[in-house]
Each structure stands twice: as structure tokens, then as C-alpha cells.
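Encoded as C-alpha cells, the structure appears first; notes follow it.
The values are calculated or read from the model by the stated rules, or taken from the named source; none is laboratory data. Here the structure is a predicted model, which is why all the values come from computation and not from measurement. Positions of Cβ are backbone-derived with ideal geometry, glycine not excepted, and every protein chain shown enters the neighbour counts. Keep in mind that these areas ignore ligands, DNA and RNA; they rest on the heavy atoms of the full protein, side chains included. Shrake-Rupley method; radii C 1.70, N 1.55, O 1.52, S 1.80 Å.
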Amino acid sequence: MSCGHCVSEVTQVLREVEGVDKVNVSLENGEAAVKGSCSIEDLLKSINETPVYKAYWYEKVIVFIFIIF
């Protein structure tokens, strides 16, 4: 993630996942904290369905990738 727009987009995508109660995306740390009853698989799927962002699971952390065309 490289800007405030990225933070807004990732936040919105994650909030739309069923079972998500709270999302906090940090541009400074490049992290997203999600609270709720959703699964990791659903979070990854929601991000990976976007044309710009990709994510994968690595040692208990979801890693986000921003794709520039």
C-alpha cells in the first residue's frame, strides 16, 4: 500500500467480508488488523478478487501486494 486511497480501498474490501466486525488498516506499518468471526480464507479471497491488490498468508500474517500496471 502506498497512499491513503489504498488504505480506503483495502479497508472497504475487508469490511464487506461476512463476519468482519472491525478493520484497521495502517499505511505506516503496511498492516491490516481485522476483528470478527470471518475466516482467513475469506479475507484472502476478498483481496485477491480485486484487480489491484493481492494478499497471501505467511507465518500468521496476511501480506498485501499492490500491483501497478
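What is the extension gain from VAL52 to HIS5, computed as 0.36 nm multiplied by their sequence separation minus the C-alpha to C-alpha distance, in nm to one decimal?
15.7 nm
Taking H as built 1.01 Å from N, whose amide H comes closer than 5 Å to the amide H of ALA55, not counting residues under 5 places away?
Placed amide hydrogens put ASN48, ILE65 under 5 Å from ALA55.
Counting only heavy atoms of the protein chains, get the accessible area per residue of the chain (1.4 Å probe) and round it to a whole Å² value.
70 Å²
By how many degrees, between 0 and 90 and to the nearest 10, does the Cα long axis of helix 4-15 differ from the longest principal axis of the chain?
20 degrees
Roughly how many debye, to the nearest 20, is the charge dipole of the chain about its Cα centre, given +1 on each Lys and Arg Cβ, -1 on each Asp and Glu Cβ, and no other charges?
So the magnitude is around 60 debye.
Along each principal axis of its Cα atoms, how long is the chain end to end? Whole angstroms, biggest number first, please.
32, 23, 18
Which percent of the accessible heavy-atom area of the chain goes to carbon and sulfur, probe 1.4 angstrom?
51 percent
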